[in-house]
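Okay, here's the structure, questions in a sec.
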Amino acid sequence: MEAHRVEATVRPDGTLTIEGLPLGPGTNVEIIVLVKERPQPSAYPLHGTPYRFDDPFSPAEPEGWEAER
């Protein structure tokens with residue numbers, strides 16, 4: 001089975017027109033309509049945001065490495 005991907009938008013009257021298919025007149029086809037999922041909001045709002053280190057090679061603070069006694 002040969003497949004062709006086309007994206008289209010349903011009109012307000014509920015119709016859908018697919019144009020420009022590379023098929024000859026009289027070709028029998030099967031139409032399957034898949035609704036594109038809308039992106040869901042992330043549970044992690046900062047996921048994918050850029051970050052930077054101002055001075056990544058500076059030494060760590062010594063008090064941060066001492067075990068509490």
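The values are calculated or read from the model by the stated rules, or taken from the named source; none is laboratory data. Owing to the predicted nature of the structure, the values given are computational and were not obtained by experimental measurement. All Cβ positions, even for glycine, are placed from backbone atoms using ideal geometry, and neighbour counts span all protein chains on display. Just so you know, the surface numbers come from the protein's heavy atoms only, side chains and all, with ligands and any DNA or RNA stripped out. Shrake-Rupley method; radii C 1.70, N 1.55, O 1.52, S 1.80 Å.
Could you give the length gained by full extension between residue 1 and residue 46, i.e. 0.36 nm per residue of separation minus their alpha carbon distance, to one decimal place?
Once the chain is fully extended between residue 1 and residue 46, it gains 11.9 nm.
Can you work out the accessible area per residue across the chain, with the rest of the protein chains kept in place, probe 1.4 Å, in square angstrom?
116 Å²
Now, a different point. Just the number, please: carbon plus sulfur as a percent of the accessible area of the stretch 8-60, 1.4 Å probe, no ligands or DNA/RNA counted.
About 58 percent, which is the carbon plus sulfur part of the accessible surface.
While we're here: Would you tally the net charge around residue 4, using a Cβ to Cβ cut-off of less than 14 Å, leaving residue 4 out, and scoring K and R as +1, D and E as -1?
Local net charge: -3.
Related question: If I histogram all Cα-Cα distances within the chain using bins 10 Å wide from 0, what percent of pairs lands in each bin?
11, 23, 16, 15, 10, 10, 11, 4, 0
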